[in-house]
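Working notes, beginning with the structure itself.
Nothing in this text is a laboratory measurement; each read-out follows from the coordinates by a stated rule. It should be emphasised that the depicted structure is a prediction, and the values quoted were computed from it without experimental measurement. Cβ placement follows ideal geometry from the backbone for every residue including glycine, while neighbour counts extend to all protein chains displayed.
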Amino acid sequence: MESGTVKTTTQNGIATITFQHPQSNSLPGSLLAALAGEITAAGTNPQSSVIILKSEGEKAFCAGASFDELISIKDLETGKKFFSGFAAVINAMRKAPKFVLVRVHEKTVGGGVGIAAAGDYCFATESASVKLSELAIGIGPFVVGPAVERKVGKSAFSQLSINASKWQSAAWAKEKGLYNELFPTAVEMDKSIDQLAQQLSASNPEAMTQLKKITWEGTENWDSLLLQRAEISGQLVISDFTRNAIAKFKSK
């Protein structure tokens, strides 16, 4: 199975990072590492002033963790390393000295919700419903939790986390603050993304960097916090309960 790809194009001060995986844009470890690397590189590239993060296709924006990789994990160290990949992506988005605009064109699950939450501004279509399904497979949204909770608050995060089999609508996600703008179609969404990206690319880079620092105040401990959370997930994923739950989920 193809491991997926990540590519970056830079034009007129706008760096567009696009990821894809044939299994509903799920995220194996190699793709997470590549994605974190591209975000970090775009953040330091003097040719770009703003970053757009998107996925390919017309179906799911992101199906979260790769089930094939989850079920192959046999020990704590491997499990921690895999979930640290999500930590690396979220921290790369957080620490990039440029605004990251996230484009969510369809449903997003688990780690994909974390990516949406880690964006500085998130655009979505009206069909882009969300779900944190981790508890349903015996884990929990530990690594993405701080990013999601920062955007939607503890109550809404608890709702998503506990009712792990229920999709919440894009309208719900916008009401809670996960999405900033909703659009009936991807075409309309892309026009708005392009407009804001062009506006930001012409703005004062230093002002944007300082503003981003202010909006992320209080997250300075995430380098260590998210790794601690990755260890919790890594421990859970090798349990018999979780391995059986993932196998059952995959067989549906």
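One equal scatterer on each Cα of the chain, no solvent, Debye formula: the resulting log10 I(q)/I(0) at q = 0.18 Å⁻¹ is -1.50. Here the scattering of the stretch 88-178 is modelled by Debye summation over its C-alpha atoms, one equal scatterer each and no solvent; at q = 0.19, 0.20, 0.23 Å⁻¹ the log10 of I(q)/I(0) is -0.79, -0.88, -1.16. Among M189, M93, a tally of other beta-carbon atoms within 10 Å of each Cβ gives an order, fewest to most, of M189, M93. Between V50, S233, G4, whose Cα lies farthest towards the positive end of the dipole of the chain when Lys and Arg beta carbons carry +1 and Asp and Glu beta carbons carry -1, centred on the Cα centre? With unit charges placed on the Cβ atoms, the residue in question is S233. Magnitude of the charge dipole for the stretch 77-116, about its Cα centre and with charges confined to Cβ atoms of Lys, Arg (+1) and Asp, Glu (-1), is about 140 debye.
Distance between the C-alpha centres of the stretch 84-148 and the stretch 180-252: 3 Å, rounded to the whole angstrom. The stretch 161-252 has equivalent-ellipsoid semi-axes of 35, 24, 12 Å, by the square roots of 5 times the alpha carbon gyration tensor eigenvalues, sorted largest first. Shown for E126, E220, E58, E134: other C-beta atoms within 10 Å of each C-beta, ranked fewest to most, produce the order E58, E220, E126, E134. Taking Cα pairs under 8 Å and at least six residues apart, what relative contact order does the stretch 96-252 come out at, in percent? Contact order relative to length: 28 percent.
With a cut-off of 9 Å between beta carbons, the residues surrounding G43 carry a summed charge of +2, where Lys and Arg count +1 and Asp and Glu -1.
Please build a GNM for the chain, connecting alpha carbons under 10 Å apart, and tell me which residue among I73, I214, I17 fluctuates the most. Answer for the Gaussian network model of the chain: I214. Among K213, K107, the ranking by other beta carbons within 10 Å of each residue's beta carbon, starting with the fewest, stands as K213, K107.
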